[in-house]
Amino acid sequence: MSRIDSLPPLRQVIADHGLVARKSLGQNFLLDLNLTAKIARQAGDLTGMDVLEVGPGPGGLTRGLLAEGARKVLAIEKDRRCLPALAEIAAAWPDRLQVIEGDALEIDPLAHLTPPIAVCANLPYNVGTELLVRWLTPDAWPPFWSSLTLMFQREVAERIVAQPGSKAYGRLALLVQWRAEARIVLSLPPEAFTPPPKVSSAVVHLTALPRPRFEADAAVLERVVAMAFNQRRKMLRAALRGLHPDIEALLESAGIPPTQRAEQVPLEAFCALARAVAAAR
Ligand code: SAM
């Protein structure tokens with residue numbers, strides 16, 4: 001479902017409302033409505049879904065999400081200069097767009113949303129990873145969202161989908177892949193944004209698994225993985241020495257050679273190790 005809206009082009013919106021981009025707010029705007037529609041489509045079928053958007057800015061992606069049929073878009077924006085432009089969009093899509101002014105790190109969106117919920121955002125780079133980690137570590141699983149469609153710096157996107165044996169593989173890949181399916185669905189050069197950032201970007205689409213891929217206690221798994229990658233060049237028997245007096249035996253019981261480095265260990269083996277560590281306590 002798609003409708004060309006009757007709103008002005010985004011360059012005009014920016015000019016009309018004096019939205020000079022601020023670096024401190026991570027403002028790199030997408031002004032091509034074909035591109036924002038394409039990003040919105042990566043979120044899948046939005047009909048019958050509420051969508052949380054963080055950092056709508058002048059509203060290019062917001063317009064895409066509404067045109068793609070989102071039941072409701074809840075947009076949280078820190079920069080109050082953007083609010084008049086967003087109010088124009090809300091007027092063009094009656095009862096479908098709610099805008100909250102504030103910091104997405106401090107606002108609980110759940111009071112304003114009804115499941116099923118998708119999250120779709122061209123995130124401010126300075127808060128993107130923190131929000132992703134929060135969305136992946138709720139108190140209970142499954143989380144409030146069924147999918148996340150998020151723009152990141154290309155390097156962060158690669159860390160999210162990384163596989164064992166690659167330099168990008170680490171805590172973020174394991175945290176994501178334990179509980180979600182993640183893939184890069186779109187790559188964007190710096191010139192796609194106004195102003196262009198220094199680096200390339202990519203959109204990652206994540207779907208929440210109904211339960212974690214392998215059994216493990218979340219806190220123990222996080223601790224094991226953090227220690228393993230804090231000294232990623234060391235063999236695991238050394239990097240994890242502080243975890244248990246007989247860490248070599250626990251590594252072996254999890255099927256991990258104690259001389260291996262964190263970078264080579266797949267998620268399933270980390271989960272087996274987390275179970276062995278929990279059982280040995
Ligand atoms: N979605 C717009 C687009 O695609 O053109 C703008 C994307 S821009 C990369 C990031 C947006 O997030 C900016 O509008 C910025 O003001 C907003 N922002 C920055 N920090 C924020 C925060 N902590 N909470 C909510 N919005 C924030």
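The values are calculated or read from the model by the stated rules, or taken from the named source; none is laboratory data. It should be emphasised that the depicted structure is a prediction, and the values quoted were computed from it without experimental measurement. Heads up, the Cβs are rebuilt from the backbone with ideal geometry, glycines too, and the neighbour counts pull from every protein chain shown. Ligands, DNA and RNA are stripped out before the accessible areas are found, and what is left, the full protein with its side chains, is counted by its heavy atoms. Shrake-Rupley method; radii C 1.70, N 1.55, O 1.52, S 1.80 Å.
For the chain, what size does the Cα cloud have along each of its three principal axes, sorted from largest down, in whole Å?
Extents along the principal axes: 66, 37, 30 Å.
Roughly how many debye, to the nearest 20, is the charge dipole of the chain about its Cα centre, given +1 on each Lys and Arg Cβ, -1 on each Asp and Glu Cβ, and no other charges?
Rounded to the nearest 20 debye, it is 760 debye.
Among Gln42, Gln153, Gln264, determine the one that fluctuates most according to a GNM of the chain built with springs between C-alpha atoms less than 10 Å apart.
Result: Gln264 has the largest fluctuation of those listed.
For region 71-80, take each phi angle, set θ = phi - 60°, evaluate the Karplus expression 6.51 cos²θ - 1.76 cosθ + 1.60, and give the result in whole Hz per residue in order, putting x for glycine and proline.
4, 8, 10, 9, 10, 10, 10, 7, 8, 5
Gaussian network model of the chain, Cα springs within a sub-10 Å range: biggest mean-square fluctuation belongs to which of Met151, Met49, Met235?
Met235
Provide, for the chain, the number of lysine pairs with alpha carbons under 22 Å apart, each pair being eight or more places apart or on different chains.
Number of lysine pairs found: 5.
Show log10 I(q)/I(0) for region 137-281 at q = 0.14, 0.15, 0.19, 0.21 Å⁻¹, two decimals, from a solvent-free Debye sum over equal Cα scatterers.
Calculated log10 I(q)/I(0) at the listed q: -0.70, -0.78, -1.08, -1.21.
Nearest 500 deg cm²/dmol is fine: what mean residue ellipticity at 222 nm does the chain get from its DSSP H runs of n ≥ 4 alone, each adding -39,500 (n - 2.57), divided by its residue count?
-10000 deg cm²/dmol
Just by accessible area at a 1.4 angstrom probe, what is the order of Arg183, Arg63, Arg154 from largest to smallest?
The most accessible residue leads, giving Arg183, Arg154, Arg63.
Out of all DSSP beta bridges with both ends in the chain, state the antiparallel percent to the nearest 5.
50
Keeping all protein chains in position, work out how much accessible area Trp141 exposes to a 1.4 Å probe, and write it in Å² to the nearest 10.
50
For a test of the definition: using alpha carbon positions, the gyration tensor, and the 1.5 limit on a/c, classify region 1-115 as rounded, prolate or oblate.
oblate
Could you work out how far the C-alpha centroid of region 184-201 sits from that of region 218-257, in angstrom?
37
Hydropathy at least -0.5 by Kyte-Doolittle, axial extent at least 15 angstrom from the Cα trace: which helices of the chain, defined as entire DSSP H runs, fit?
Membrane-span-like by this criterion, though nothing is claimed about a membrane: 125-136, 218-230, 267-279.
Region 195-270: which trypsin sites (Lys or Arg not before Pro) are DSSP loop and have at most 10 other beta-carbon atoms within 10 angstrom?
Answer by residue number: Lys198, Arg233.
Loop only by DSSP, 12 or fewer other Cβ within 10 Å of the Cβ. Give me the GluC sites (Glu not before Pro) in region 177-280 that pass, ordered by residue number.
Glu215
Please say if region 77-205 is rounded, prolate or oblate, where rounded means a/c under 1.5 for a ≥ b ≥ c the square roots of the C-alpha gyration tensor eigenvalues, and otherwise the choice is prolate for a/b larger than b/c and oblate otherwise?
oblate
5 Å is the cut-off here: which amide hydrogens, built 1.01 Å from N in the peptide plane, fall below it relative to Ala75, excluding neighbours closer than 5 in sequence?
Glu53, Gln98, Val99, Ile100
Starting from the Cα gyration tensor of region 190-264, multiply each eigenvalue by 5, take the square root, and state the resulting semi-axes largest first in whole Å.
Sorted largest first and rounded, they come to 35, 18, 10 Å.
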